[in-house]
Each structure stands twice: as C-alpha cells, then as structure tokens.
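Scroll down for the structure; my scribbles are underneath it.
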C-alpha cells in the first residue's frame, strides 16, 4: 500500500466518521461556504499537490472525446456547487474531469429567501430552493479570467428571476455571448423547479426559440462552443419523445439528465419534516433510479444519436456504472460529493478502469 493510498484511506475515514458529522450539524448553506473557505485555505498552505496525488487518476481508458472536447476522465462536478466560479481551480485537484459553473444570470441576484437548503440524512438527499442565487455575469467572468487551464469548464446559464417572459431569451443570449471566450461548453438550464415561469421554460415552442437564438449567436464566433440542454427527471415519455425530436431536429450537442425533482415519493424522511421544509428540488439518492430511467429512455429512443451527461443520485462506483450502462457518456456528481467526500471521484474512475476490457 503506497503512502498516498494510506493518506487517502485516512482522509476518507476522517471525512465520513469525523468531519461530515460535524459539518452536518450546522446549517447546510453556511457549511457550503465554510467548506469553500477550508478548501481555499488548504491550497494556500500548499496542499494542492497532496490532493492531486491522492485523488487524480490518469489512464487512457478514462479519456473521452465528445462534441469536440477531450475529457481526461468522465466524472464532472454539476452546476450549483461552484455557482460563482470561485473554486474551480482548487476543485480540479480532487480529480474531476470537468466542472460546470453557475447557474449564471446576467445580473447578480439573492435568490429565494433563506432557509432554502435542507439535508435529508435518512435518504442521502438534499432539497434546495436556492433560486439561482449568484453574483452575476461580470463576477463570473472576472473569476474565469483566473482559469489555469487544468480542466474543461462548462457554463450553466439562465434568465434572471425578475425578467419578463418576452426577455427570457435575451437573458440567455447575454450570458452566452459574454461567457463564450471563457467556458468550453454551455448548458441551457430550463428545468430548475425553483424559478418563476417554470412551465414556459419547458414549453416546446419556447425551447425551439431559445435553442435557435443561441445557435445563431454561436455562428458569430470563430470557434463554436457545444450547447447542451438540461432536463428534469419528472418528464413523462411523451415529453421525453419531444426532447429527443427537438435535440435531433435542432442538432443540439447533447443533454444533461437530469436536474432536481419535485417528487417526494418513496422518501424515508417523515411527512411532517417534508411539510416543514416545503417546496424545492430534490437531489441525491432518492432520484437515482428516476434519473437512470430517463437516461436509458433517451439513449434507446434516440438510438444514441446525441451525447448524454448522466447526473442524479451517484453516491458510489456502482451508481456511476449503472448510469454509464444506461447510456450516459459522461457523469456529474453534486449531492454524492457532499455525502461521500472527494474520494468518490477516484473510486468511480478506478471502477471504470476495472470495467474496461
């Protein structure tokens, strides 16, 4: 057993047995930003190299090439964790193959009233109704100018909450044009349940308008950037059929499946606690099977005609392999990263290597 492996085991045990219980005893949103400070501090005192040695794996069987981009491995960090693009350089040391920043809106906004982030410990889940809280486009660009080029960066973009319906598309275009030089791919986030006018954002006619406008803007750049659509896990088969048709007809570069769910079916958390929490998007283990079913349906229905990034309930290597076997080309984690710690990324990549003939 190498020294690095010994350290990795110690850190994993420390996170689950010591650090996580302490962090989970405090407000989730406050802990989120406290963790950011810890990671920043760790790298300031020179621990970045240690983290790279512990968590990064490079192997030919992990490499992926999709929509013109070369990924060092297929495990990414989903949008919502590094909303303002302030930690992606440090997070890269944990072994991610790509990181998606945002959701970014043209103007900074506070999001929904607090308290708006809740752990479901018995279910290994999270409910959030953050409401696209972020510092806005200018702040994201300033942060992205510090990119050290360690890995692929995605830009998740959307409208401001107070934007009237007739200007929804313009908000996305504003973000797309300004972020274009600084990110490697874009995600149109139309499936978050925590913003107003959610129904319009999922309307097929509106999606055609939005996709067409962003693709037209993409033509104005000498280097075109891949554009993906992030969809909800709660869509029925008729809606999924429409998504498949839409992606193929518009020649969109891919789909992220899936966002958070509004369903509370099958949870171990008591009904009383769920009532106290209220509305919001559910992520983590409770949506694992639903997300995998959406991936499998899209993959089969489309005959693998477009790439799929699988996200939702990945807390173990087996969960990750299940998503890949269902038809996902890349993976993203978020809630699993919170519950399982950074060792999850390395363990998933090791499992993928072991499954390669």
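Annotations for the structure displayed:
- Qualifying residue in the range 163-184 (condition: modelled with pLDDT of 95 or more, closer than 30 Å to residue 289 by Cα and touching a strand residue (DSSP E or B) at 6+ places or on another chain (Cβ under 9 Å)): yes
- Index of the failed condition, residue 148 passing every other in (1) out of contact with any helix residue (DSSP H, G or I) (no Cβ under 7 Å at 6 or more places or on another chain); (2) in a loop (DSSP other than H, G, I, E, B): (1)
- Condition broken by residue 73, with the remaining ones in (1) modelled with pLDDT of 85 or more; (2) outside any loop (DSSP other than H, G, I, E, B); (3) surrounded by 15 or more Cβ atoms within 10 Å (Cβ to Cβ) satisfied: (2)
- Top-ranked residue in the range 87-107 [being under 11 Å from residue 137 (Cβ atoms) and in contact with a helix residue (DSSP H, G or I) (Cβ under 6 Å, 6 or more places away or on another chain); ranked as surrounded by the most Cβ atoms within 10 Å (Cβ to Cβ)]: 104
- Hits in the range 254-280 - residues which are closer than 30 Å to residue 68 by Cβ and in a loop (DSSP other than H, G, I, E, B): 258, 259, 260
- Filter pass, residue 292 being in contact with a strand residue (DSSP E or B) (Cβ under 8 Å, 6 or more places away or on another chain) and either surrounded by 13 or more Cβ atoms within 10 Å (Cβ to Cβ) or assigned to a strand (DSSP E or B) (or both): yes
- Check on residue 118, touching a helix residue (DSSP H, G or I) at 6+ places or on another chain (Cβ under 7 Å), crowded, with 17+ Cβ neighbours inside 10 Å and farther than 16 Å from residue 84 by Cα: yes
- Within the range 303-327, tally of residues that are in contact with a strand residue (DSSP E or B) (Cβ under 8 Å, 6 or more places away or on another chain), in contact (Cβ under 8 Å) with a residue 40 or more places away in the chain and assigned to a loop (DSSP other than H, G, I, E, B): 4
- Remark: pairs (first residue in the range 22-50, closer than 14 Å to residue 91 by Cβ; second residue modelled with pLDDT under 85; Cβ separation under 8 Å; 6+ apart in sequence or on different chains) = 48/42.
- Restricting attention to the range 323-357, the residues being at pLDDT 95 or above and more than 18 Å from the chain's Cα centre (by Cα) number 8.
- Per-region count, the range 96-111, residues outside any strand (DSSP E or B) and either over 11 Å from residue 150 (Cβ atoms) or free of Cβ contacts under 8 Å to residues at least 12 places away in the same chain (or both): 4
- Of all residues in the range 334-344, those that are in contact with a helix residue (DSSP H, G or I) (Cβ under 7 Å, 6 or more places away or on another chain), farther than 16 Å from residue 290 by Cβ and either touching a residue at least 40 places away in the same chain (Cβ under 8 Å) or surrounded by fewer than 24 Cβ atoms within 10 Å (Cβ to Cβ) (or both) total 4.
The values are calculated or read from the model by the stated rules, or taken from the named source; none is laboratory data. The structure presented is a predicted model; accordingly, all values stated were derived computationally and were not measured. Using ideal geometry, Cβ is built from the backbone for each residue, glycine included, and neighbour counts are taken over all protein chains shown.
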